[in-house]
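Q: Below you'll find the structure I mean.
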Amino acid sequence: MTTTLTETPAGAVTQQRVRPPITRLGVGLGILAVGALVLIVVSWRATGFGVGVLFSGLGEMWTFLRSTLPPHFSSADYSLGHMLGDVASTVSMAVLGTALAMVLSIPLGFLAARNTTPHPVVRAVARTIVTACRAVPDIIFALIFRDALGIGVLPGILALGLHSIGMLGRLYGDGIEQAPPGPRQAVMASGAGRLQTICASTVPFASPQILSNALYRLDINLRSSVVLGFVGAGGIGFTLQAAMNTLQFQLAIGIVLVMTVLILIMELLSALLRSALIGNDTVRTGRRWISFRKQSRSRGNTMPFDPGRVRPHWTGARVGKASIPYLVLVVLGLAWWDAQVPVSELLSSPGAIAHAVTQYFPPDFTTAGSLLRQGMWQSFVTAVMGTFVGGLIALVISFFAARNIANSWVYRVVRVLLVIGRSIPELIVAIMFVVAVGPGVLAGVFALIVGTIAFLAKLMSDNLEEANPGPRGAIRSTGAGAGQEVVAAVVPPALPGIVGNLLYMLDVNFRASALLGIVGAGGIGFLLAQTVQTFDYRTTGAIVTTTFVIVLLIEQLSNWARRALN
Amino acid sequence: MTTTPVISLRHVSKSFGATQALDNVSLEVSAGQMVALLGLSGSGKSTLLRTINGLHRPTSGEIRVLGTDVAAARRSELRMLRRQVGFVFQQFELVGRLTALENVLSGALGRVRGPRLGTMSYPLALRKEALARLERVGLADRAFQRAGTLSGGQQQRVAIARAMMQQPQILLADEPVASLDPETSDQVMDLMFSICQEQNITVVVCLHQVDLAMKWAERIIGLREGKLVLDVESAAVDKTQVMDTYRRVLDEASEPDPATGGEAPRDAEPVSTYSSARQAI
Ligand SMILES: Nc1ncnc2c1ncn2[C@@H]1O[C@H](COP(=O)(O)OP(=O)(O)O)[C@@H](O)[C@H]1O
Ligand SMILES: [Mg+2]
């Protein structure tokens, strides 16, 4: 009874190597890895990174923190009611900005997705618009609209709306592309038209993601809306900056505390809503490695059959889902009412906006001279260091924040700590490090490390949780230990996602480090703030253009690496 | 035939809440034996296999596998046991992103210390062994192809090579060919049994298809609602007899059972399984 499988020529094993063959892809990834290593070493030296400086500065940080205690929630000329009003308008700004971005991103997403776009050229144009929106920092959009429309919430809304397209349009496009082709073909085969097909097969697949990603963006926008206030785009940020400029640190920390709590609540709410929208379809516990779908299927659908009834039953889940649109409308209405958006003003001002934009052109690369080059380089190495060190720490932490790996209590505690960590505005963290280690790139590196850990540890643990439990059970039944099991069956599927998120973080950090300079944490932000204050628009334009190009390059690299790893 | 039992169950029962998955099962399998486990979906086949390698603890009864008291074993003892017991799954359960060779290598994790990532993290001797095992299943030329891009039959052959990498004394297979077409099924079963025969490995395999069981196993065991209802030497009976026995078991199962009172959701299932089993026959 010998096998008849003879696909391999006899004796092949003696000739075959037992190390992976060298492929072009492998070489490419190798070069990328070496390049990354060189970049890290160079950045390490350029930023003078070291933990010693931090320890020697802890005393000063503590003194500074003490001076902010106890926090004040009002001052002589700033009542609590006044503050709550500012907080409300900050929230309104975030809500309306996100809604605007969503409305604009949905068509862009469908045009940018390979399976729904009418033409490849349309797809390329849509993708470029989306990328451009991401590359221009929201603070620049805010400046443009402030110049055109004056100080207020409106510039903030428009800035958040346009900049968020960069993320939402991309996620929507990617999400729509992931719609399985089978149902599409089935609908098309029934003779449905193009638009009908999209509505019947792609839209139902994409719509939970569309809302869920918008909620996620709302979280991010609530954080950014504070910073936008710094440049006069309305909301609490304006007061926060005034408090810091006048050294009212107790009031400043009070505002930060209020915002932190608000962001925390928002994050929890949106996580709740998102899980209601998407549902926990996938069983994530590593223990259930053989599926029992058969059982659960027979358990569902227990409604009595009534031939006269042609409407779905109002089950709890349906009531929940059906109320979401109304909830959204109510929130939008409240935000609209609170923000008092001057629509007529907006409609009559395209000329002013166009004028405000043209001020930045043509970009002037020469006036600032070497300052521009230096600042850009500083921002870049700051971003590299922050991403690298923060990413390493985040990777370790992510194992404790993954439900399918960590003990359930450890998992909960770490997740809560990460949420709190994410709620503290980055600029505030930067200010604290400026106090501790003095102004300069080092403070920026530390601030980015803190932000990176809180953000990336979450994304990475999500990557780890996505691993299919089946192969894990198989590895466990070979008698492998727990650590061996995780590395063999959980890490490999998560790896492309982790690398992708790391590169995405580099992109985020580079844009963030361009802002950190505003509070003295080194980099191009210092020059940016200066040129903005001195109305040197064309140099600002040069800074934005350079940022744009670098962001594009990072994105190309990350696209390539992601594709190569998949 | 050898006489030392490598697997012995005495009055083993296992219940999940109200479900009695195994009901007073007593059974001995001696070294080198090849046993096929027949039974309808839900009859407790998977539960039996998972009780043997300690992934489930029995509710009552006694199990000894390779001298280990599975019901009482500590975690480290169970791990030692699992290293000697290979397991092949219906859905293959390979890590799709890793190459075929890396998947085979992961079968040796019980033999090395510490976590491993990437082919080169394993010692050369293991790599050579893994490649040889891939060659044995006819896939040496696919060593560096991603497991996820292989066909179903090829994936199951990689999974068999992975199980062999454990150098197991026992191989448990849970419907290893249920997701494959008949021709591929035949090849994979062929391969699995001949390897185990060469290396004198004891095999317990759940199957749906009577003819496959007849062709390969020397002993056929039937389960029904957790109870042992059939235990025959396949050499002592001919194919039609076993098929009759199996059918009889099936027919009995499709009749309303006085114990369960013929509850609604269970009704439909045996019929459909019956017809698919008939198609397989
Ligand atoms: N982990 C579990 N939790 C609850 N019930 C289970 C579990 N595993 C098996 N069962 C039940 O035990 C019975 C036997 O299942 P199983 O051993 O998977 O049968 P088979 O493999 O023969 O199809 C079924 O009724 C099943 O619902
Ligand atoms: Mg089963």
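Here, each number is a calculation from the coordinates, and none is a lab measurement. On a predicted model such as this, the values are computed, not experimentally measured, just so you know. Please note: Cβ atoms are built from the backbone with ideal geometry, for glycine as well, and neighbour counts cover all protein chains shown.
Q: Would you mind estimating how fast the protein assembly as shown diffuses translationally, via Stokes-Einstein at 10 °C and 1.306 mPa s with the Kirkwood radius over Cα pairs, in µm²/s?
A: Once the numbers are plugged in, D ends up at 51 µm²/s.
Q: If R₀ is 30 angstrom, what is the calculated FRET efficiency for the pair A:His82 and A:Gln533, using the beta carbon separation as r and rounding to 0.05?
A: Working from the Cβ atoms, E equals 0.70.
Q: How would you rank A:17-23, A:94-100, A:502-508, highest first, on the average number of other Cβ atoms within 10 Å across their residues?
A: Details: A:17-23: 12.0, A:94-100: 25.3, A:502-508: 22.7.
Answer by packing, highest mean first, reads A:94-100, A:502-508, A:17-23.
Q: Okay, next question. With both bridge residues required to lie in the protein assembly as shown, what share of the DSSP beta bridges run antiparallel, to the nearest 5%?
A: Here the share of antiparallel DSSP bridges comes out near 55 percent.
Q: Under the rule a/c < 1.5 gives rounded, and otherwise a/b versus b/c splits prolate from oblate, where does region A:332-403 land using the Cα gyration tensor?
A: oblate
Q: Calculate the spin-label point distance for A:Ser275 paired with B:Arg64, positioning each point 7 Å from the Cα along the beta-carbon direction, and give it in nanometres.
A: My value for the distance between the label points is 4.8 nm.
Q: I'd like to know how region B:86-167 sits against the 2.2 N^0.38 Å rule of thumb: what's its Cα Rg over that expected value?
A: 0.95
Q: Taking a ≥ b ≥ c as the square roots of the Cα gyration tensor eigenvalues, with a/c under 1.5 meaning rounded and otherwise prolate when a/b beats b/c, else oblate, which class fits region B:1-91?
A: rounded
Q: Amide H of B:Ala21 versus every other amide H placed in the peptide plane: which residues, excluding those fewer than 5 positions away on the same chain, fall under 5 Å?
A: The answer is B:Lys14, B:Ser15, B:Phe16.
Q: For peptide B:84-92, compute the average count of partner chain beta-carbon atoms within 10 Å of each residue's beta-carbon.
A: Partner-chain Cβ atoms within 10 Å, mean over residues of B:84-92: 4.
Q: Further question on the same structure: What is the order of A:Lys458, B:Lys215, fewest Cβ neighbours within 10 Å to most?
A: Fewest-to-most Cβ neighbours within 10 Å comes out as B:Lys215, A:Lys458.
Q: Averaged over B:137-149, how many beta carbons belonging to a partner chain fall within 10 Å of each residue's beta carbon?
A: Mean number of neighbouring Cβ atoms from other chains: 3.
Q: Still on this structure, please answer the following. Show that you can apply the helix-only estimate: for chain A, add -39,500 (n - 2.57) for every DSSP H stretch of four or more residues, divide by all residues, and state [θ] at 222 nm to the nearest 500.
A: That calculation yields -24500 deg cm²/dmol at 222 nm.
Q: Can you give the FRET efficiency for A:Ser56 and A:Trp377, using 1/(1 + (r/R0)^6), R0 = 35 Å, r = Cβ-Cβ distance, to the nearest 0.05? Show your work: numbers first, answer last.
A: Details: r = 26 Å, r/R0 = 0.75.
Working from the Cβ atoms, E equals 0.85.
Q: Would you mind ranking A:Leu111, B:Leu37 by Cβ crowding within 10 Å, fewest neighbours first?
A: A:Leu111, B:Leu37
Q: Within region B:3-99, list the trypsin sites (Lys or Arg not before Pro) lying in a DSSP loop whose Cβ has at most 11 other Cβ atoms in a 10 Å radius.
A: Working: sites: B:Arg10, B:Lys14, B:Lys45, B:Arg50, B:Arg64, B:Arg74, B:Arg75, B:Arg79, B:Arg82, B:Arg83, B:Arg97; in loops: B:Arg74, B:Arg97.
Qualifying residues, ordered by number: B:Arg74.
Q: At 7 Å along the Cα-to-beta-carbon direction for both B:Glu218 and A:Thr23, put a label point, then send me their distance in nm to one decimal.
A: Calculated label separation equals 4.4 nm.
Q: If packing is taken as the mean number of other Cβ atoms within 10 Å per residue, what is the order of B:198-206, B:23-31, highest first?
A: B:198-206, B:23-31
Q: Sticking with this structure for a sec: Residues of region B:55-92 with amide nitrogen under 13 Å from the 7 Å Cα-to-Cβ point of B:Phe16?
A: Zone members listed by number: B:56-57.
Q: Taking amide hydrogens as modeled 1.01 Å from N in the peptide plane, which residues meet the under 5 Å criterion relative to B:His56, leaving out close sequence neighbours?
A: B:Thr51
Q: Using amide H atoms built in the peptide plane, which far-off residues or other-chain residues are under 5 Å from B:Arg224 H to H?
A: Residues meeting the criterion, in which the H sits 1.01 Å from N, are B:Val229.
Q: Count of lysine pairs in the protein assembly as shown with Cα atoms under 16 Å apart, counting only pairs 8 or more residues apart in sequence or on different chains? Kindly include the intermediate steps, with their values, before the conclusion.
A: Details: A:Lys294/B:Lys45; B:Lys14/B:Lys45; B:Lys14/B:Lys227; B:Lys45/B:Lys227; B:Lys215/B:Lys239.
The result is 5.
Q: A further question follows. R0 = 41 Å: FRET efficiency of B:Ala125 with B:Ala71, Cβ-based, nearest 0.05?
A: Computed FRET efficiency for B:Ala125 and B:Ala71: 0.70.
Q: Now a separate question. What helices does chain A have that are whole DSSP H segments, at least 27 Å long along their own axis by Cα, and with mean Kyte-Doolittle hydropathy of 1.0 or more?
A: Those that pass (Cα extent of 27 Å or more, hydropathy at least 1.0) are A:24-47, A:80-112, A:249-278, A:316-339, A:370-400, A:441-465, A:491-516.
Q: For region B:77-88, what does the Karplus curve 6.51 cos²θ - 1.76 cosθ + 1.60, with θ = phi - 60°, yield as ³J(HN,Hα) per residue in whole Hz, taken in order and with x for Gly and Pro?
A: 5, 4, 5, 4, 5, 4, 4, 9, 10, x, 9, 10
Q: Something else: Provide the net charge surrounding A:Val125, with neighbours chosen by a C-beta distance below 15 Å and charges set as Lys +1, Arg +1, Asp -1, Glu -1.
A: +4
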